[in-house]
Amino acid sequence: MLTSLVSGIPVLAADEFSSDTSKTVCITGHREKGIQPYKGNPLYGNITMNAVKLMLYRYIDMAAEKGYDTFISGLAVGTDLWAAEYILKKRSRNPKIRLIGAMPYLRHAERFPRYYLELLRRVETEADVLVSVNGSPGITYSENKELYRDRNYYMVEKSSAAIAFLNEGSFASGTLQTVNYAYRRGRKVCRFGMKDIFEVMDSAGTDIRAIGREISFLENVFELPY
């Protein structure tokens with residue numbers, strides 16, 4: 001049995017995990033560096049990041065409202081772990097919700113900043129299932145440059161839909177790779193980017209409560225998974 005190097009929690013090999021793909025959504029998205037502050041003003045940096053999180057949470061809510069009950073996070077810094085933390089909060093109110101953490105390989109978090117390392121530890125401890133797509137205990141990225149691609153493809157294969165925080169014009173990113181593969185595999189992709197965030201902020205202003213209200217009224221873009 002594999003165990004996480006961060007939390008010590010048991011980790012399944014990729015071929016040991018199965019679920020109802022039709023009700024499963026995978027989540028992909030940029031890290032913090034993919035978030036440009038509103039109107040290019042650094043003073044709006046935190047409020048813009050919080051708006052991104054609220055939009056991400058709304059998309060997760062949309063999926064749950066339509067009957068999706070299993071969510072796969074790639075456990076990366078940024079979008080993946082923000083989503084995982086929120087899904088665990090949703091599960092506390094709805095025990096049907098499940099969080100699956102899909103790491104690319106066991107040593108993937110060796111360079112995580114302290115905040116995200118602590119968040120990852122909490123998420124791993126509370127997740128329903130942890131999976132390592134590459135099951136070799138000592139494998140490193142320098143030995144296999146396809147580790148993250150394999151994780152991204154695995155999440156798509158185990159899902160029928162994807163939530164993506166993906167900016168227009170993004171190139172050579174894992175998020176774009178995941179989204180393109182989801183399209184090729186015929187998955188439903190529900191995506192948003194900074195353009196959508198700025199449109200909300202143009203309407204709601206820079207008060208986080210007003211931004212939250214605006215986002216809460218967004219039309220559900222998901223369809224029933226069956």
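Only the coordinates and a few stated rules stand behind these numbers; no lab work does. No experiment lies behind these values; they were computed from the predicted model shown. Ideal geometry is used to build each Cβ from the backbone, glycine not excepted, and the neighbour counts take in all protein chains shown.
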- request: Would you mind calculating the relative contact order of region 59-156 from Cα pairs under 8 angstrom and at least 6 residues apart, reporting the percent as a whole number?
  value: 29 percent
query: What is region 1-89 by shape, rounded, prolate or oblate, if you read a ≥ b ≥ c off the alpha carbon gyration tensor as root eigenvalues and call it rounded for a/c under 1.5, prolate for a/b larger than b/c, and oblate otherwise?
result: oblate
query: Label point 7 Å out from Lys145 along Cα-to-Cβ: which residues of region 170-186 have amide N under 17 Å?
result: 172-174, 177
- prompt: Can you give the translational diffusion coefficient of region 36-149 in µm²/s, computed by Stokes-Einstein from the Kirkwood radius over Cα pairs at 10 °C and 1.306 mPa s?
  reply: 103 µm²/s
query: By the gyration tensor of its Cα atoms, with a ≥ b ≥ c the square roots of the eigenvalues, what is the shape of region 29-81: rounded for a/c under 1.5, prolate for a/b over b/c, or oblate?
result: oblate
message: Tell me the relative contact order for region 10-216 as a rounded percent, counting alpha carbon contacts under 8 Å between residues six or more apart.
response: 27 percent
- prompt: Say the cut-off is 24 Å between C-alpha atoms; which of Lys158/Lys195; Lys66/Lys90; Lys33/Lys96; Lys90/Lys145 go over it?
  reply: Lys158/Lys195; Lys33/Lys96; Lys90/Lys145
statement: When Asp80, Asp202, Asp128 are ranked with the fewest other C-beta atoms within 10 Å first, the list becomes Asp202, Asp128, Asp80
message: Starting from 0.36 nm per residue, how many nanometres of slack lie between Glu118 and Arg209 once their C-alpha separation is accounted for?
response: 30.0 nm
task: Sum up the charges of everything whose Cβ sits under 13 Å from the Cβ of Val131, counting Lys and Arg as +1 and Asp and Glu as -1, but leave Val131 out.
output: -3
query: With helices defined as uninterrupted DSSP H runs, which ones in the chain have an alpha carbon span along their own long axis of at least 27 Å and mean Kyte-Doolittle hydropathy of at least -1.0?
result: 45-65
query: How far is the Cα center of region 1-75 from the Cα center of region 120-190, in Å?
result: 10 Å
message: Give me the base-10 log of I(q)/I(0) for region 172-226 at each q in 0.15 Å⁻¹, Debye formula, one uniform scatterer per Cα, rounded to two decimals.
response: -0.61
- prompt: Tell me, what is the FRET efficiency for Ser216 and Tyr44 to the nearest 0.05, using R0 = 22 angstrom and their Cβ-Cβ distance as r?
  reply: 0.60
- line: As a percent rounded to 5, the proportion of antiparallel DSSP bridges among beta bridges in the chain is 10 percent
- prompt: What is the set of long-range amide H partners of Leu12 at a cut-off below 5 Å, with H atoms built 1.01 Å from backbone N?
  reply: Leu130, Val131, Ser132
- prompt: When the chain is fully extended, how far beyond the present Cα-Cα distance does Arg111 get from Asp20, taking 0.36 nm per residue of separation?
  reply: 29.4 nm
query: Under a GNM of the chain (C-alpha, springs under 10 Å), which listed residue has the highest mean-square fluctuation: Ala210, Ala76, Ala162?
result: Ala210
